[in-house]
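Engineer: Before anything else, here's the structure in question.
What follows is calculated from the coordinates using simple rules that are stated; it is not laboratory data. Source: prediction; values computed, not measured. With ideal geometry, Cβ positions are generated from the backbone for all residues, glycine too; neighbour counts draw on all protein chains shown.
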Amino acid sequence: MNDALLGQSIQRREDHGFLTGAAKYTADINLDGQLHAAVLRSPYAHALIVAIDTSAAAALPGVAGVYTSADLATDDIDPLPCAAPAVVATVEPIIVPPRHALAVGCVRHVGDPVAFVVAESHEAALDALELIEVDYEGLPAVVDSREALAPGAPEIWGEAPGNLSYVFEKGDRTAVDAAFAGAAHVVELDIVNNRVSPAPTEPRAAIGSYDGATDTLNLLLTGQGVHGIRGQLASAVFKVAEDKLNVAAPFVGGGFGLKNFVYPEYVMLLWAARRLGRSVKWVADRSEDFLSSTQGRDIHASARLALDTDGRFLALSAATTANMGAYLSSFGPGVSTNAASTAMGGVYDIPDVFLEVHGAFTNTVPVDAYRGAGKPESNYIIERLIEAAAVQTGIDGVRLRLLNVIDSYPYTSSLGIEIDTGDFKGNLKEAVRLADRTSFEARRAAAAEQGKLLGLGIACFLETARGAPSEGAEVKFLDDGSVELRLGTESNGQGHETAYSQIAADHFGLPLDSFRYIQADTTLVRAGNGHGGARSMHMGGSALVAALEAALTKARPIAAQMLQADEAVLEFTDGEFCVADSSRSVSLSEVARQAKGSLDSYERREDAPFTLPSGSHVAEVEIDRDTGAIRLARYLMVDDYGSMINPRLTEGQVHGGVTQGIGQAMWEEVAYDPDTAQLLSGSLMDYTVPRASHLPSFEVHFRQTPTLNNPLGVKGSGQAGCIGAPQTIMSAVLDALKPLGITNIDMPATQERLWQAISNASG
């Protein structure tokens, strides 16, 4: 393989479309004769539906149809699926209540869809919503997972007594209990991982259509994994063969996990398109997206860390409650269980770890994967415990980390995760060096003279990157000499077109512009698991390497025949097959034309292990002692993503992930009224996402230890920033508050929360 392009920070090929407006998103697309849809959503968090009168809405000029769950029942449309029971090994079977596209008899969160209107215009559809009359009988509601599991809580589902969906355990409870019994130090902490919204720039949108001639349903949407969405819709909801339902996505304005799942609107759009024989379009506004799209995190943990007299970690245990919301989303239970368990203990050598998870139903929007999906929660637990252990034992937090960090590879964690390579200790030492701790106390004293509390935080993270353990890639040679790269992973702005072209250009010795990237269309791409789990280069890139190699293997005998030479004397370099020690050569493009399609290759990457990205981050925060106002003064990271295809793309991913992690730590929180379960943060006026002005210039440092788990040596970078930032920020916040005796505070560290903590500490 020619490495001329690998590792170079090449400008993204996609940027021209983004910068000129040529890139088309779902909302930009209109099909001939399309209708427009709107959804009537419940204003109640929990209520019986006594009656629905749609007659006035149906009679409004321009309205093509007004539908309720009764209409769906006549067509035998099944509930939305949840994949978790097939993959999550719970102590007791997961209870999965039915989630219908439109509420049947009862609504269970504010925003639950009750009726679906289709009209000639968006405005007519909205007008019709106002004419639908629904008689509700209100019921008690609960939003906190711990309260939902407590005796006497309002019951959300009759088939889930006590609002319990599942109990999950992993690890050796007996060994962990024994380690705690013999420990010199035991640190205990209640840790909250606050609920957040992925809040992508582009809200959800979709267009459903139906081809009567072929009896085929078609869904165009802003999505992350079109094959998975197609499979679930076809097999579980509509009960049709997969080739009778196609799903495609144009340019997508961010997903972060939220756009990986089947939603009620998609079912209704396809059903209505088939019923009416016309395409139907729906675009959510921002508030509707907050009310209906999955949210993330919302974990409460009672965590303990056992240490010996020297500060070595002996055992870790975490008993957590996971808020699932009112329904189980597609992969929701897997986030707090399987996914979280892979990163429990972080980068540390902990002999025994035990995780127990109770999944709770509440009257809130369903929770599912959000950037990092379980790994941020697990890393946050261990890093917060280490900070508490430093206070309790009097051992410096950095020293505790260096004493316990894994420094020998390969390493197998107590929960069975195999770490092939890394340099966790080296990452931490470099971050400490760059943090300039020696001069920090002088900086803290200078800040104090100005009425400011200055804090320095240093924390680590471990990502377990892979997502679904299989992926495919196809290489197709076109008549014009270009090559299509068809992959089952999907870009939402990460730069896949550029990175995959770099890989292919290195293998084939062709210019970058020789390649066309095809994604997110079930009619063109054979199969795929989209993106999620920082898997694209590890899984898709590995499959692509195999497909490129397969194409070259097929090309070699044809080239030998064209050159009238033995295959053994052929060399392939710079896009040409050459006869050794001669001037005879033939280009790969010429061989492809001669082959007439026989070079096309499809290969799969199956049962791949995780890659283990890691890093150490540093933050400095400044808090105004009088007002609680907080400013992030500095943020640096030392990260290891193995070999990098394009460092510029990697840095962009890191910037975005860190920003989202900082947002969770400092500003973002999905809030519900505890009495009414009304969503209080239903717009960007109420839900604070970070702005550029909130952030310093990030200092990014890469250290590369290539993984042995794929031919490219790459480790996933898409989620890591979001995993590393929360504990780093909160470590800095707690360090700033240390002079006041404040040892614990929950995310987000907002100005109000900090002011209250400072006021309470000051008496």
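Engineer: Could you list V252, V167 so that the one with the fewest beta carbons within 10 Å of its beta carbon is first and the one with the most is last?
Structural biologist: Taking fewest neighbouring Cβ atoms as first place, the list is V167, V252.
Engineer: Based on alpha-carbon centroids, what's the gap between the stretch 267-297 and the stretch 166-229 in Å, whole number please?
Structural biologist: 21
Engineer: Just to compare against my own numbers: the Cα pair-distance distribution for the stretch 468-608, 10 Å bins, whole % per bin, please.
Structural biologist: 13, 42, 29, 13, 3
Engineer: Do the alpha carbons of any pairs in K24/K281; K24/K239; K239/K259; K375/K425 sit beyond 25 Å of each other, and which pairs?
Structural biologist: Where the Cα-Cα span goes over 25 Å, the pairs concerned are K24/K239.
Engineer: Convert each backbone phi in the stretch 59-64 into a coupling constant with the Karplus relation 6.51 cos²θ - 1.76 cosθ + 1.60 (shift: θ = phi - 60°), then list the ³J(HN,Hα) values in order as whole Hz, x for Gly and Pro.
Structural biologist: 7, 5, x, x, 8, 8
Engineer: So, with +1 on the Cβ of K and R and -1 on the Cβ of D and E, and no other charges, what is the size of the charge dipole of the stretch 394-536 about its Cα centre, to the nearest 20 debye?
Structural biologist: The dipole of the stretch 394-536 has a size of about 780 debye.
Engineer: In what sequence, highest mean first, do 563-572, 184-193, 37-46, 336-345 appear when ranked by Cβ atoms within 10 angstrom?
Structural biologist: In decreasing order of mean packing, 563-572, 184-193, 37-46, 336-345 become 336-345, 37-46, 184-193, 563-572.
Engineer: Could you tell me which residue out of P726, T750, F698 lies farthest along the dipole of the stretch 674-753 toward its positive end? Charges go on the beta carbon: Lys and Arg +1, Asp and Glu -1, centred on the Cα centre.
Structural biologist: F698
Engineer: Please arrange V405, V714, V700 by how many other C-beta atoms lie within 10 Å of their C-beta, fewest to most.
Structural biologist: Starting with the residue having the fewest Cβ neighbours, the order is V700, V405, V714.
Engineer: From the phi of every residue in the stretch 667-679, what ³J(HN,Hα) in whole Hz does the Karplus formula 6.51 cos²θ - 1.76 cosθ + 1.60 yield, where θ is phi - 60° and glycine or proline is x?
Structural biologist: Going residue by residue, I get 9, 7, 6, 6, 10, 10, 5, x, 8, 9, 6, 6, 6 Hz, with x marking Gly and Pro.
Engineer: Using a Förster radius of 60 Å, what is the FRET efficiency between D211 and D581 based on their Cβ-Cβ separation? Nearest 0.05, please.
Structural biologist: 0.55
Engineer: Any idea what the alpha-carbon Rg over 2.2 N^0.38 Å comes to for the chain?
Structural biologist: Ratio of Cα Rg to 2.2 N^0.38 Å: 1.00.
Engineer: Taking the Cα centroid of the stretch 74-152 and of the stretch 546-618, what is the distance between the two, rounded to the nearest whole Å?
Structural biologist: Using only Cα atoms to place each centre, the spacing works out to 52 Å.
Engineer: Taking neighbour counts of Cβ atoms within 10 Å as a proxy for exposure, in what order, fewest first, do C82, C460, C578 appear?
Structural biologist: In order of increasing Cβ crowding within 10 Å: C578, C460, C82.
Engineer: How large is the charge dipole for the stretch 51-210, taken about the Cα centre, if only the Cβ atoms of Lys, Arg (+1) and Asp, Glu (-1) carry charge, to the nearest 20 debye?
Structural biologist: Once rounded to the nearest 20, the dipole reads 580 debye.
Engineer: For the stretch 634-640, take each phi angle, set θ = phi - 60°, evaluate the Karplus expression 6.51 cos²θ - 1.76 cosθ + 1.60, and give the result in whole Hz per residue in order, putting x for glycine and proline.
Structural biologist: Result, rounded to whole Hz: 7, 8, 10, 9, 10, 10, 10.
Engineer: How far apart, in nm, are two points set 7 Å out from the Cα along the Cα-to-Cβ line at D15 and at Q564?
Structural biologist: Reported label-point gap for D15 and Q564 is 5.0 nm.
Engineer: What number, rounded to the nearest 500 deg cm²/dmol, is the helix-based mean residue ellipticity at 222 nm of the chain, given -39500 (n - 2.57) per DSSP H run of at least four residues and division by all its residues?
Structural biologist: Calculated mean residue ellipticity at 222 nm is -8500 deg cm²/dmol.
Engineer: If you don't mind, another one. Considering the Cα positions of the stretch 235-333, please state its Rg to one decimal place and its Dmax as a whole number of Å.
Structural biologist: Reported Rg and Dmax, both Å: 21.1, 73.
Engineer: Also: T393 label point, 7 Å along Cα→Cβ, cut-off 17 Å on backbone N: hits in the stretch 298-341?
Structural biologist: 304-317
Engineer: While we're looking at this one, here's another question. Can you list the lysines whose alpha carbon sits under 27 Å from that of K554, skipping same-chain ones fewer than 8 residues off?
Structural biologist: Filter leaves K476, K596.
Engineer: What does the charge dipole of the chain about its Cα centre add up to, to the nearest 20 debye, if the Cβ of each Lys and Arg holds +1 and the Cβ of each Asp and Glu holds -1?
Structural biologist: Roughly 900 debye for the chain.
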